[in-house]
Amino acid sequence: MTAVPGRALHYVFKIGDRAKNAFFFRQILGMKVLRHEEFKEGCDAECNGPYDNRWSKTMIGYGPEDSHFVIELTYNYGVTSYDMGNDFGGVTIHSKDILSRAAQHSYPVGQTEGKQGSLLTSPDGYKFYIIDQSPAGSDPVQSVELNVSSLQTSKKYWQNLLQMQLLEEKDKSLRLSYGSKQASLVITEISDPLDRAKAYGRIAFAIPAANQPPLYEAVKAAGTTVLKPLITLDTPDKASVTVLILADPDGHEICFVDEEGFGELSKVEVDGDSRLDLNIRKDPFQPK
């Protein structure tokens with residue numbers, strides 16, 4: 001298999017209260033709604049988890065997904081919370097504005113153990129490490145961290161099989177990327193048994209459509225987990241996207257979408273904010 005020319009796209013969070021999350025991500029972190037979509041039934045690729053019900057997807061970040069790493073907020077109607085495991089480490093953001101906004105809104109700011117910056121925790125318990133400095137590039141999101149049970153096993157998977165570039169290696173962690181100007185992936189070994197619980201997410205990358213079949217064959221040949229073979233997902237009135245869903249040795253879900261289709265699908269929608277707010281107001285399961 002030739003080298004994979006990948007691009008980091010987003011990480012998926014399951015959320016239980018859209019109003020609280022909309023406030024946190026917009027007013028505290030300062031992100032913008034890039035698009036909002038409503039679905040009547042579960043996703044064929046289990047984008048919303050193992051739920052066959054009405055759900056919504058909100059993409060939110062500091063800029064378009066073709067140049068920024070963003071967050072996907074997945075909401076399953078009627079599910080108000082998810083058991084949090086220890087599989088997700090956190091998102092690191094460089095910003096001179098977030099901590100002042102947190103103070104303005106009296107949003108709690110915690111201390112970090114063994115990590116740089118200040119800790120903000122989302123309404124559902126996801127951790128954000130805020131470094132009080134301007135980002136070196138255009139994207140404040142610097143990295144997303146996943147916890148693993150064996151660093152060397154994970155290194156073989158992410159570097160050798162998925163062909164991510166190793167940027168930095170420490171005693172208990174790795175930093176990898178498909179490009180130096182992208183948000184990086186940090187892999188950290190923990191001593192406690194890994195627990196994905198119910199709130200587990202998914203990280204997504206884009207690669208050219210021509211590279212998806214060779215990657216699929218490579219992971220099959222390696223005997224690693226394929227959660228969903230190459231399937232095509234259709235979004236009404238939008239581009240179709242071919243996806244390949246994998247799992248690393250610890251069960252972390254990884255989505256590889258085709259760059260061509262996703263580039264069309266992920267265009268910013270000017271009415272994303274208003275449609276999110278409208279559906280929050282209409283939601284019979286959300287507190288008023």
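The values are calculated or read from the model by the stated rules, or taken from the named source; none is laboratory data. Predicted model only: the values in this text are computed from it and were never measured. Every residue, glycine as well, gets a Cβ built from its backbone with ideal geometry; the counts of neighbours run over all protein chains shown.
Would you tally the residues in segment 156-170 being assigned to a loop (DSSP other than H, G, I, E, B) and either surrounded by 20 or more Cβ atoms within 10 Å (Cβ to Cβ) or touching a Pro at 6+ places or on another chain (Cβ under 9 Å) (or both)?
So the count comes out to 2.
Considering only residues that are assigned to a strand (DSSP E or B) and touching a Phe, Trp or Tyr at 6+ places or on another chain (Cβ under 6 Å), look in segment 10-30 and name the one that is farthest from E264 (Cα to Cα).
It comes out as I15.
Six or more apart or on different chains, Cβ atoms under 6 Å: show the pairs whose first residue is in segment 261-288 and more than 14 Å from Y75 (Cβ to Cβ) and whose second is hydroxyl-bearing (S, T, Y).
G261/S240
Out of segment 201-211, which residues are within 26 Å of F88 (Cβ to Cβ) and either of a type in the set (V, I, T) or surrounded by fewer than 20 Cβ atoms within 10 Å (Cβ to Cβ) (or both)?
Within segment 201-211, the subset within 26 Å of F88 (Cβ to Cβ) is 201-207.
Those that are within 26 Å of F88 (Cβ to Cβ) and either of a type in the set (V, I, T) or surrounded by fewer than 20 Cβ atoms within 10 Å (Cβ to Cβ) (or both): I203, I207.
Within segment 268-282, which residues are assigned to a loop (DSSP other than H, G, I, E, B) and closer than 25 Å to I203 by Cβ? Show your work before the answer.
First pass over segment 268-282, keeping only residues assigned to a loop (DSSP other than H, G, I, E, B): 268-271.
Within segment 268-282, V268, E269 qualify.
Checking V33 against (1) part of a helix (DSSP H, G or I); (2) crowded, with 22+ Cβ neighbours inside 10 Å, which test does it fail?
Checking V33 against (1) part of a helix (DSSP H, G or I); (2) crowded, with 22+ Cβ neighbours inside 10 Å, the one that fails is (1).
Quick check on my filter: what residues within segment 178-200 are modelled with pLDDT of 95 or more, among the polar types (S, T, N, Q) and either within 18 Å of V241 (Cβ to Cβ) or surrounded by 20 or more Cβ atoms within 10 Å (Cβ to Cβ) (or both)?
Selection gives S184 alone.
Does any residue of segment 95-116 turn out to be part of a loop (DSSP other than H, G, I, E, B), over 27 Å from H36 (Cα atoms) and aliphatic (A, V, I, L, M)?
Taking segment 95-116 and keeping what is part of a loop (DSSP other than H, G, I, E, B), we get 95-97, 105-109, 111-116.
Applying the additional criterion that residues be over 27 Å from H36 (Cα atoms) yields 96, 106, 108-109, 111-116.
Cutting the leftovers down to aliphatic (A, V, I, L, M) gives us 109.
The answer is yes; a qualifying residue exists.
So, in segment 79-123, how many residues would count as being surrounded by fewer than 19 Cβ atoms within 10 Å (Cβ to Cβ), closer than 26 Å to Q182 by Cα and in contact (Cβ under 8 Å) with a residue 60 or more places away in the chain?
Counting residues in segment 79-123 that are surrounded by fewer than 19 Cβ atoms within 10 Å (Cβ to Cβ), closer than 26 Å to Q182 by Cα and in contact (Cβ under 8 Å) with a residue 60 or more places away in the chain gives 3.
Going through segment 39-72 one residue at a time, which ones are among the acidic types (D, E) and at pLDDT 95 or above?
Within segment 39-72, E72 is the sole residue that qualifies.
Tell me which strands (runs of 3 or more DSSP E) are completely within segment 53-94 and hold 3 or more residues being farther than 20 Å from S274 by Cβ and of a type outside the set (A, V, I, L, M), or say none if there are none.
88-94
Which residue pairs have Cβ atoms under 7 Å apart, sit 6 or more places apart or on different chains, and have a first residue in segment 49-78 that is within 24 Å of L246 (Cβ to Cβ) and a second that is among the charged types (D, E, K, R) and assigned to a loop (DSSP other than H, G, I, E, B)?
D52/E41; M59/E65; H68/D139; F69/D139
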